[in-house]
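The values are calculated or read from the model by the stated rules, or taken from the named source; none is laboratory data. Everything numeric in this text was worked out from a predicted model, so none of it was measured. Heads up, the Cβs are rebuilt from the backbone with ideal geometry, glycines too, and the neighbour counts pull from every protein chain shown. Surface areas here come from the heavy atoms of the whole protein model, side chains and all, with no ligands, DNA or RNA. Shrake-Rupley method; radii C 1.70, N 1.55, O 1.52, S 1.80 Å.
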Amino acid sequence: MKAEPARTEIPGELRLEMHARLLRVRIASRRLAELYREQEMRTPAHFGLGQEAVAVGVVTALRPGDVVYSHHRAHNHYLASGGSVYELAAELYGREAGCSRGRGGSAHLTAQAVGFIASTAILGETIAIATGSALAFSMRGERRLAVSFFGEAACEEGIFYESINYAAIRRLPVLYVCENNLYSTESPLSVRQPAGTELCERARSFKLKAERVDGNDLAAVYEASARLADGLRRGEGPAFLECMTYRWLEHVGPHFDHEAGRTYRSREEVESWMQRCPVKRSAAEIIRLGVADEAALAALSNGITRDVEDAVKRARAADPPPQGDLYADVW
Amino acid sequence: MSGDALRPARNIKFKDALSEGLCMAMERDPGIFVTGISVDYPSGIFGSTVEALRRFGPARVFDAPAMENALTGIAIGAAVMGMRPVVVHPRNDFMFLAFDQLINVAAKWRYMYGGRAGSVPIVVRGIIGRGWGQGPTHSQSLQSVLAHFPGLAVVMPASPEDAKGLTMAALRASHPVIILEHRSLFELTGPVPEEYYATPFGHAKVVRPGVDLTLVATSYMVQEALVAAGVLAKEGIEVEIIDPRSIRPLDEETILASVRKTGRLIVADTSWECCGFSSEIAALAAEKAFDALRGPVRRLSSPNCPAPVAASLESVLYPKASTIVGLSLHMLGRHPQGNLRGIDAVDTFKGPY
């Protein structure tokens, strides 16, 4: 077996804390996807089941004052940052109690109190916006970081190159986190990037520090993020972290591909990735290291499940925005 | 505005009024910075950013690569963190590259997060070109397109006084503001108060009072309208010129009050007719002052073709003072005396842009 010296450096408590956060993201996401089937959440939702370790690993490496931006598949980053399950569910149900008061829906989330500034729906937008927040920090001499989460398809947009070029010129404290889940909607990498493409090489050619990790390995994502964040805080300029991962459900909506008659990925391929489930891997690691036993993890999971159930019930029962407020907050 | 007595206005150029407004705002608000291609050149956006660079230095006035869309997103991200960025485009045509950030993000930010993610007080300056072969992609005028979207304020200063006042208002607004500045106005001289003042958005200016015909003119067309009104006055026709100053929000009341008084309306705008600002004002009059109209509303806009480069074609492209006079006389059932062409100003612009 390959030696994994860095692993033992993560304290047990932190490991457990990250696992709890991972479980919260997973359990909430899974429950929301189930409820989504009832057709009561009228907002196109891109579920991130299978990709949770990327969000949790990166966010755990941040400090208060750092800011996070996300994209259309935003639930994981919002929840990992500590965004409220109740407000997320209420947003999906179109309630006034939603994090964006029912105006933004699944792709336009915010939870500024926990540093999750915003997600937007169009590919690559928040890559530039995060860069701008880092510019503000840099101009004011603040030691804060901006994190931008995006999928590998955003690396096919011009704004990605405009932004990383700018961040490199000005040595801005931005961590660009690419969640490479191999598909853009239903388009495979083969029609989008030349064979042999290494996104890290592209980032390095723009003078960014770049690392690629197994995005389903929570500890590996955390360690790489912490390492890159340290460099960012030392003023070493922007960094790129590519996390290899996989989305379990269809691009938008609550179904597995096979349930919806989608054929762009084989069932075998999906199932092989589900075997590499980030939650199961994290749990196995915790048990192997003796940080907690199976019963303790089950109790943790049950507690979160109860909290999530309570949150989604309350969200569903919450009031919709009053119709008289249609024009509020345009300016 | 301060409680100080107003000092007398001096005559200064439009470009210097822009500069003065910018510098006064930057003095008050350390969060303001100016960026975009060429803002720190010695030529400094046709002279309008030179003084800001001299006084506030390269930390607050700095060049950028050609990256219009990301730069707009960067401005948004900085604004969300409490800064007040000014992004400048030496030609507003380049702003098409920034429409995703401007329209999908900046215009909607406040609304789409239910007011819980703050607002995006960015200012985007775009300069409109005209003449000397600026051609199809350096002489468009984007107010109609931009004003289409809720959440963006779009203003067009037509005088040195408003160049300063609208700049200062934009730099203390709580929402994104687009300032479209016409290149042909940069050398225009006019009275500008010395003190700090903000020209409020949504307040049109009656540039010249009149009773016979209402002429709503935007940006540079106000200059053509003034020449035309002078000629018409000699014919005993008193034209009322209204400069909306802000395209969105729009001061409907001032325009409607004038139409109700005169019963006749011409809209002279620098953009195209189709789905354009002139059509919007025509619709406004038709919906809200129809009984007062004594004849059809007429629009004077860019002709329905891209702007050509050749001087022979360009010379017949733009509506001018003579066009306004001819149309006004026609609407009043009068006939032009002699060749009106002689009234048009000779364009002294020397290029290259």
Residue match in the range A:164-175 (condition: at the interface with chain B (Cβ under 10 Å from one of its Cβ atoms) and part of a strand (DSSP E or B)): yes
The lone exception for A:Leu218 - which of (1) open to solvent by less than 40 Å² (accessible area, probe 1.4 Å); (2) touching an Asp or Glu at 6+ places or on another chain (Cβ under 9 Å); (3) within 14 Å of chain B (Cβ to nearest Cβ); (4) touching a residue at least 40 places away in the same chain (Cβ under 8 Å) it fails: (3)
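Please enumerate the residues belonging to the range A:181-193 that are in a helix (DSSP H, G or I) and either within 21 Å of B:Asp63 (Cβ to Cβ) or among the small types (Gly, Ala, Ser) (or both).
Pass one, the range A:181-193, residues in a helix (DSSP H, G or I): A:189-191.
Hit for the range A:181-193 is A:Ser190, nothing else.
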Members of the range B:170-194 that are assigned to a helix (DSSP H, G or I) and open to solvent by less than 10 Å² (accessible area, probe 1.4 Å): B:Ala170, B:Leu185
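Quick grid of which residues meet (1) closer than 30 Å to B:Pro303 by Cβ; (2) open to solvent by 10 Å² or more (accessible area, probe 1.4 Å); (3) facing chain A (nearest Cβ under 9 Å); (4) more than 23 Å from the chain's Cα centre (by Cα):
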position: B:Pro65; (1), (2), (3), (4): no, yes, yes, yes
position: B:Val80; (1), (2), (3), (4): no, yes, yes, yes
position: B:Arg84; (1), (2), (3), (4): no, yes, no, no
position: B:Arg91; (1), (2), (3), (4): yes, no, no, no
position: B:Asp100; (1), (2), (3), (4): yes, yes, yes, no
position: B:Met112; (1), (2), (3), (4): no, yes, yes, yes
position: B:Val123; (1), (2), (3), (4): no, no, no, no
position: B:Gly126; (1), (2), (3), (4): yes, no, no, no
position: B:Gly131; (1), (2), (3), (4): yes, no, no, no
Leading residue by the ranking (nearest to A:His71 (Cα to Cα)) among those in the range A:112-122 that are facing chain B (nearest Cβ under 9 Å) and crowded, with 24+ Cβ neighbours inside 10 Å: A:Thr120
Test: A:Cys178 is in a strand (DSSP E or B) and open to solvent by less than 60 Å² (accessible area, probe 1.4 Å): yes
Residue in the range A:123-141 that is part of a strand (DSSP E or B) and facing chain B (nearest Cβ under 10 Å) present: no
Residue in the range A:142-158 that is nearest to the other protein chains (Cβ to nearest Cβ), counting only those that are open to solvent by 10 Å² or more (accessible area, probe 1.4 Å) and either farther than 17 Å from A:Val54 by Cβ or assigned to a loop (DSSP other than H, G, I, E, B) (or both): A:Gly158
Search result, residues across the range A:308-328 that are open to solvent by less than 40 Å² (accessible area, probe 1.4 Å) and in contact with a Lys or Arg (Cβ under 8 Å, 6 or more places away or on another chain): A:Val308, A:Val312, A:Ala315, A:Ala318, A:Pro321
Residue among A:Arg95, A:Arg73, A:Arg26 that is outside any loop (DSSP other than H, G, I, E, B), on the phi < 0 side of the Ramachandran plot, open to solvent by 10 Å² or more (accessible area, probe 1.4 Å) and not hydrophobic (A, V, I, L, M, F, W, C): A:Arg26
Which numbered condition B:Phe277 fails, given (1) open to solvent by 30 Å² or more (accessible area, probe 1.4 Å); (2) modelled with pLDDT of 95 or more; (3) of a type in the set (A, V, I, L, M, F, W, C): (1)
Residue within the range B:133-145 that is among the hydrophobic types (A, V, I, L, M, F, W, C) and in contact with a strand residue (DSSP E or B) (Cβ under 9 Å, 6 or more places away or on another chain) present: yes
Verdict on A:Tyr183 being surrounded by fewer than 20 Cβ atoms within 10 Å (Cβ to Cβ), more than 9 Å from chain B (Cβ to nearest Cβ) and aromatic (Phe, Trp, Tyr): yes
Conditions (1) over 30 Å from B:Gly126 (Cβ atoms); (2) touching a residue at least 12 places away in the same chain (Cβ under 8 Å); (3) not β-branched (Val, Ile, Thr); number of the one not met by B:Pro336: (2)
Those residues of the range A:232-286 which are out of contact with any Cys (no Cβ under 6 Å at 6 or more places or on another chain), outside any helix (DSSP H, G or I), surrounded by 18 or more Cβ atoms within 10 Å (Cβ to Cβ) and of a type outside the set (A, V, I, L, M, F, W, C), in sequence order: A:Gly237, A:Pro238, A:Thr245, A:Tyr246, A:Arg247, A:Glu250, A:His251, A:Pro254, A:Arg265
Every pair of residues 6+ apart whose Cβ atoms lie under 9 Å, when the first sits in the range B:30-48 and is within 14 Å of chain A (Cβ to nearest Cβ) and within 19 Å of B:Phe14 (Cα to Cα) while the second is surrounded by 21 or more Cβ atoms within 10 Å (Cβ to Cβ) and of a type in the set (Lys, Arg): B:Val34/B:Arg125
Subset of the range B:24-50 [surrounded by fewer than 18 Cβ atoms within 10 Å (Cβ to Cβ) and not basic (Lys, Arg)]: B:Glu27, B:Asp29, B:Pro30, B:Ser38, B:Tyr41, B:Pro42, B:Ser43, B:Gly47
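Could you check how many residues of the range B:195-240 are among the hydrophobic types (A, V, I, L, M, F, W, C), assigned to a strand (DSSP E or B) and buried (at least 24 other Cβ atoms within 10 Å of the Cβ)? First the steps, then the outcome.
Of the range B:195-240, the ones among the hydrophobic types (A, V, I, L, M, F, W, C) are B:198, B:201, B:204, B:206-207, B:211, B:213, B:215-217, B:221-222, B:225-229, B:231-233, B:237, B:239.
Keeping just the survivors that are assigned to a strand (DSSP E or B) gives B:206-207, B:213, B:215-217, B:239.
Keeping just the survivors that are buried (at least 24 other Cβ atoms within 10 Å of the Cβ) gives B:213, B:215-217, B:239.
Here the count works out to 5.
Yes/no matrix, rows are residues, columns are (1) at pLDDT 95 or above; (2) under 20 Å from the mean Cα position of the chain (by Cα); (3) over 29 Å from A:Arg42 (Cα atoms):
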| site | (1), (2), (3) |
| --- | --- |
| A:Phe149 | yes, yes, no |
| A:Gly158 | yes, no, yes |
| A:Arg170 | yes, no, yes |
| A:Leu175 | yes, yes, yes |
Residue within the range A:69-77 that is in contact (Cβ under 8 Å) with a residue 60 or more places away in the chain, in contact with a helix residue (DSSP H, G or I) (Cβ under 8 Å, 6 or more places away or on another chain) and within 12 Å of chain B (Cβ to nearest Cβ) present: yes
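Given the criterion under 24 Å from B:Val123 (Cβ atoms) and in contact with a helix residue (DSSP H, G or I) (Cβ under 8 Å, 6 or more places away or on another chain), identify the matching residue among B:Glu181, B:Glu194, B:Glu238. Don't jump to the end; show me each part of the working.
Working: B:Glu194 fails: in contact with a helix residue (DSSP H, G or I) (Cβ under 8 Å, 6 or more places away or on another chain); B:Glu238 fails: under 24 Å from B:Val123 (Cβ atoms).
So the residue among B:Glu181, B:Glu194, B:Glu238 that is under 24 Å from B:Val123 (Cβ atoms) and in contact with a helix residue (DSSP H, G or I) (Cβ under 8 Å, 6 or more places away or on another chain) is B:Glu181.
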Selected residue (criterion: farthest from the other protein chains (Cβ to nearest Cβ)) from residues of the range B:67-78 that are touching a Gly at 6+ places or on another chain (Cβ under 8 Å) and among the β-branched types (Val, Ile, Thr): B:Ile76
